[in-house]
Amino acid sequence: MRYDLQKILESMEQMHKTTRGNSFCMHGGECTLIPRGDFETILKKMYELQGQSAIQTNGYTINNDLIRLFKNYRTNVGVSIDGDGELNALRGFPDNPEKNRKYTDKVLANILKMKKEGIHVGIITVLHKVNASTTDKLEKLLKFILFLRSNDIKGGRLNLMWSNHPEAKQYQLTPEQASNAWLFLYENLKQYPDHHWQPFREFVDNLLGFAQSSCSLGKCDYFCTYGAKTILPDGTLGNCDRTHQEEHAYTRASDKPTYERYEILKQTDCKGCRYWNVCFGGCPAEGVDGDWRNKTRWCEPIYSLYEKVESDLKAMFPNINLVSDHNEIDDYFDMLRSGKSIQPFKKMSRDKAVNPSSWKGVKMKKQKEKAKVPINAHGDCAHGDHTDHGDSS
Amino acid sequence: MNDLKPFCKLVWNSVSLADEWSNVLAKAQDISFQAEYEMVRQGLREANVYHMYPNAFDKQIEQITEDNLVFLPILRSRTYSGFSHQHYPTEVLDSNSFVFGVVAENLEAAKRFRNASKSGDHVTQGLMLGYPECCSKFFTESWTKQKALDPCYETALNTLSHTVENDVVNVEGHPYLNQMLRYFGLRITPFFPCSFNCQEAIQVGEAWHLVMKCIDEDTTDKIMELLSQPLSWSLYKGIIEIKTPLFRGIVNGYSCDKRKELRWTGKMK
């Protein structure tokens with residue numbers, strides 16, 4: 001692939017100046033395949049700008065030389081692997097099971113090696129028909145996740161695979177399968193307080209109203225994406241690579257996002273949904289029928305997971321105050337941006353309640369003035385297609 | 001569903017296309033506006049709808065007077081950014097508003113147009129603006145009666161040679177009559193034709209094309225090139241999306257009960 005390294009570096013500097021709070025991550029294809037000198041130059045630039053660097057890789061090409069670079073430039077290494085053995089059949093050599101098994105073994109060995117060397121390693125596992133469509137497969141996947149845990153890799157992302165391309169779409173889970181997959185993994189991981197697999201932890205934070213944890217649930221403007229911006233090979237700034245599915249790597253519409261999609265979804269697909277303020281119709285790239293004007297095709301799994309998380313939180317703390325309890329809030333995203341938020345534990349706080357309790361009737365203290373807490377609800381919103389900050393340490 | 005406020009967004013299919021073509025788009029709107037005025041000044045039609053702005057009215061009046069034309073106000077509207085299918089009447093006249101009115105060759109014509117506008121007589125307005133009667137009647141039917149505020153889809157359905165495949169209307173037509181890119185300033189004729197092959201409308205388009213060429217020949221050639229290219233246009237959930245080989249754009253549409261989609265094959269010249 002042709003690229004203009006100098007322009008890419010200039011763009012990184014420019015982007016760092018204008019959008020502090022965003023972090024850089026080198027993506028592919030497979031980014032470790034570019035000439036090593038250029039690879040190091042980009043890692044070095046990330047390190048100079050933000051004190052660390054990040055890549056998303058298939059993990060196959062990792063060797064001692066790369067590990068040396070990762071140490072030098074404090075690289076968070078996100079590895080894409082969908083499980084071990086046959087669960088990972090769509091990666092590497094999909095047409096050759098034997099080669100694929102060797103490929104997966106090598107990736108796994110590289111993950112463990114990096115971990116042993118003290119590299120920050122995060123995992124992205126994409127859920128699809130090959131690794132998550134049945135209980136048998138999910139049990140194997142859980143076993144894989146627990147194997148990682150036993151090697152001190154305690155988190156990553158469990159993203160739902162999606163595509164509008166017929167050939168790839170055959171591997172996409174049905175909404176029901178996707179719900180089952182997330183709920184199965186959520187149920188089986190919640191016993192581990194130290195796990196940080198997403199979206200499970202994020203969904204808890206979203207319901208507690210802390211911030212919109214992932215851009216896919218945060219009113220992303222499809223034509224001016226903010227959670228992920230790409231620096232294209234010629235150095236220009238583009239939109240999130242999820243938008244590249246549509247033939248072109250489109251230019252950005254403007255510097256500032258607008259929210260027409262959310263005005264219409266609130267009146268149509270998502271009208272009256274109790275999780276509107278923690279979902280906003282989901283990622284536009286995943287829109288039903290490949291149309292960004294629709295809500296995400298993953299409404300069912302998102303709704304089911306929120307419902308389950310909400311039920312668990314309420315079961316443990318009946319007095320908890322969640323975003324989903326507030327139908328009167330027109331737009332929690334805007335509320336966060338204006339520096340306001342709900343107070344999830346107010347009935348359990350001695351500062352707020354006369355007789356704090358997690359469950360029984362509580363008399364609240366009179367408030368003199370509502371605190372305004374600035375919340376970064378925009379710039380530091382994580383992007384779900386790479387491990388933004390290295391997840392496993 | 002409430003209609004969205006006016007907006008207009010455009011993303012280029014690549015940076016090199018943006019470099020090559022964005023200048024054409026920047027000029028196109030001005031050429032269209034100038035052509036609208038020129039068509040009246042040159043006596044090629046009776047009237048022209050005209051926007052008078054509080055911060056430029058002195059120069060605008062001077063030009064109209066020098067050209068021996070007359071202006072009559074019709075309504076005050078709030079300004080908007082992007083593309084609007086209708087005006088937003090207001091009482092206030094300030095920097096956030098403008099006067100929508102008519103420029104005509106004489107006072108009698110201006111009054112006649114204003115009366116037609118106020119009484120909702122689109123056929124008379126259309127005829128005075130130089131549009132074919134068949135197209136003015138079609139517009140009245142689709143815009144007023146069917147509430148199709150942007151009747152590109154309806155025009156496609158009314159074009160004899162159209163085909164329908166999976167609810168998508170495939171249509172070819174004359175680039176003079178392509179109204180699917182006007183949100184970005186790209187058009188030759190400023191009216192909805194009754195059909196994308198309407199011969200009368202194509203004839204009217206000849207005059208507009210010539211006037212535009214006199215204003216800026218190179219840019220007009222480029223506009224014609226863009227209008228001749230294939231594109232897809234869809235109206236869904238109150239948002240219109242247009243995809244072309246060069247760019248993709250979205251603009252506010254209007255509420256309708258089903259998805260409306262057409263593919264312009266863009267051959268005929």
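Here are the numbers for this structure:
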read-out: Calculated FRET value between A:Y3 and A:K116, using beta carbons and R₀ = 30 Å, to 0.05; value: 0.35
read-out: Cut-off 11 Å between beta-carbons: net charge of the residues surrounding B:V24, Lys and Arg +1, Asp and Glu -1; value: -3
read-out: Sparsely packed trypsin sites (Lys or Arg not before Pro) within the stretch B:27-101, loop by DSSP, other Cβ within 10 Å at most 12; value: none
read-out: Neighbour-count order for A:D289, A:D152, fewest beta carbons within 10 angstrom listed first; value: A:D289, A:D152
read-out: C-alpha long axis of helix A:135-150 to longest principal axis of chain A, angle in °; value: 80 degrees
read-out: Between 0 and 90°, nearest 10: helix B:57-66 axis offset from chain B longest Cα axis; value: 80 degrees
read-out: Test item: A:254-265 mean partner chain Cβ contacts at 10 Å; value: 3
read-out: DSSP-loop trypsin sites (Lys or Arg not before Pro) across the stretch A:240-304, with at most 16 other Cβ within 10 angstrom; value: A:K271
read-out: Principal axis dimensions, the stretch A:162-301 - Cα atoms, whole angstrom, descending; value: 47, 35, 33
read-out: In degrees, nearest ten, helix A:36-50 long axis to first principal axis of chain A (Cα); value: 30 degrees
read-out: Anchor A:K113: lysines whose Cα lies under 23 Å away (excluding residues fewer than 8 positions away in-chain); value: A:K44, A:K71, A:K99, A:K102, A:K140, A:K143, A:K154
read-out: Unit charges on C-beta of K, R, D, E only; dipole of the stretch A:199-393, Debye; value: 1560 debye
read-out: Residue-count net charge about B:F139 - beta-carbon cut-off 13 Å; Lys, Arg +1, Asp, Glu -1; value: -2
read-out: The protein assembly as shown - Kirkwood radius from inverse mean 1/r over Cα pairs (Å); value: 28.2 Å
read-out: The stretch A:5-179: antiparallel DSSP beta bridges as a percent of all, rounded to 5; value: 0 percent
read-out: Label-point separation in nm, A:T41 to B:L157, each point 7 Å along Cα→Cβ; value: 5.8 nm
read-out: Viscosity 1.002 mPa s, temperature 20 °C, Stokes-Einstein D of the stretch A:199-393 from Kirkwood C-alpha radius, µm²/s; value: 118 µm²/s
read-out: In order through the stretch B:156-171: 3J(HN,Hα) via Karplus (6.51 cos²θ - 1.76 cosθ + 1.60), integer Hz, x for Gly, Pro; value: 4, 5, 8, 8, 3, 7, 5, 10, 10, 9, 6, 6, 9, 8, 9, 8
read-out: Under the Karplus curve 6.51 cos²θ - 1.76 cosθ + 1.60, θ = phi - 60°, whole-Hz ³J(HN,Hα) for the stretch B:48-54, x wherever Gly or Pro sits; value: 9, 6, 9, 9, 9, 9, x
read-out: Cleavage-rule hits, GluC sites (Glu not before Pro), the stretch A:216-316, DSSP coil, Cβ neighbours within 10 Å at most 10; value: A:E247
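Read the figures in this text as sums done on the coordinates, not as results from a lab. A quick note: this is a predicted structure, and the numbers were derived from the prediction, not measured. Don't worry about glycine lacking a Cβ; one is built from the backbone with ideal geometry, like all the others, and counts go over all protein chains shown.
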